[in-house]
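Peer 1: Mind having a look at this structure? Questions to follow.
Values in this text are rule-based calculations from the coordinates and carry no lab data. Please read these numbers as outputs of a predicted model, since none were measured by experiment. Cβ placement follows ideal geometry from the backbone for every residue including glycine, while neighbour counts extend to all protein chains displayed.
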């Protein structure tokens, strides 16, 4: 079964009206999906800098000098939050007064899910914890914000005061620094990531509780973030307020339509019985009524022990599993061994858009890619 795709690029749909006479804000983002959302809102008015090029690990990344300079010069910084990139908290706390920081996971109404642990995610599904800022029932049309009543997002509360946040220090996500993708880094500095602190530290001292930081994999969070991004840009650049808000409205509408199509496609092939190599997908699962049967590794990507691998082999043999999702940065030898006595197969999935070109179209392409992987799991 093939996933339906948009015929018109989202970048073309939400493009701004042209360059403004006044200088637009200097904007910096952390990961490619956030950069994509910011690009949707800015349209033709400007281009944000991206700290982590596609393929770089959010955990333990060593910033290039040009990225550090971009941060120091930034008028606005958008990042997921400390739970995903704990190394970024200190540089953000030293920004000059003109730099305004928006921690997206702390915006009002954002959906929070708790970190899960253990091989049997199906058992943990009921108590994963929907720590939302507000109760939500998957019916989010009320968040369209067509009246632009965004002032309650309170961006000033998301500046440099990160001390209240527990340092979850997940060895997240994607120890892929070898992929490089320097052509997307917006700079010519080649300070490659030779500091994979997650590997060097062996993930010792990680706190295996608290917030799961993969919030961008719920498109409803992305729609909420679009509103917050637009209002932060409006505050920094009021002359272009109408353009930012119109672009955000168009992007929210496009994502709502895309999410509905993905939900229909996935519902048509339910149930899907799957394992994941790395427990990074519960926001996508929560949105589209999917339930992982288990994970080879927790959200922090630590290497599994022999007992955990044996438990997963038993689960595959006894319960039957359609597929195991692997990621580009992980070898598939261990994953293949889990399926050696079953009919299940391996399917690659990519939660960061590693092979996609940064820009406004990356995020919707990422969602389509995620959905396509689930369809391939069943196929």
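Peer 1: Ordered by packing density, taken as the mean number of other Cβ atoms within 10 Å over each peptide's residues, highest first, how do 313-319, 346-352, 87-93 rank? Intermediate results must be reported in sequence, preceding the final value.
Peer 2: Working: 313-319: 15.0, 346-352: 20.3, 87-93: 16.6.
In decreasing order of mean packing, 313-319, 346-352, 87-93 become 346-352, 87-93, 313-319.
Peer 1: Moving on. Under a point spin-label approximation (7 Å from Cα along Cα-to-Cβ), what is the residue 337-residue 98 distance to one decimal in nm?
Peer 2: So the two model labels end up 5.6 nm from each other.
Peer 1: What is the packing order of peptides 265-273, 361-369, taking the mean over residues of other C-beta atoms within 10 Å and listing the highest first? Mind showing how you got there, number by number?
Peer 2: Working: 265-273: 14.7, 361-369: 22.0.
Put in order of decreasing packing, that is 361-369, 265-273.
Peer 1: Using a simple spin-label model with points 7 Å from Cα along the Cα→Cβ vector, what separation in nm is obtained for residue 310 and residue 264?
Peer 2: Simple spin-label model gives 4.8 nm for this pair.
Peer 1: Cut-off is 10 Å between beta-carbons; in what order do 112, 214, 98, 278 appear when sorted fewest neighbours first? Walk me through the numbers on the way to the answer.
Peer 2: Working: 112 19, 214 28, 98 13, 278 24.
In increasing order of surrounding Cβ atoms, one gets 98, 112, 278, 214.
Peer 1: Further question on the same structure: Please find the FRET efficiency linking residue 44 to residue 90, where r is the Cβ-Cβ separation and R0 is fixed at 41 Å, and quote it to the nearest 0.05.
Peer 2: 0.75
Peer 1: How much length is gained if the chain between residue 66 and residue 291 is pulled fully straight, taking 0.36 nm per residue apart and subtracting their Cα-Cα distance, in nm to one decimal? Walk me through the intermediate numbers first.
Peer 2: Numbers: separation 225, 0.36 × 225 = 81.00 nm, distance 4.13 nm.
Between residue 66 and residue 291, full extension yields an extra 76.9 nm.
Peer 1: For a test of the definition: using alpha carbon positions, the gyration tensor, and the 1.5 limit on a/c, classify region 24-123 as rounded, prolate or oblate.
Peer 2: Details: a/c = 1.88, a/b = 1.60, b/c = 1.18.
Cα axes put region 24-123 in the prolate bin.
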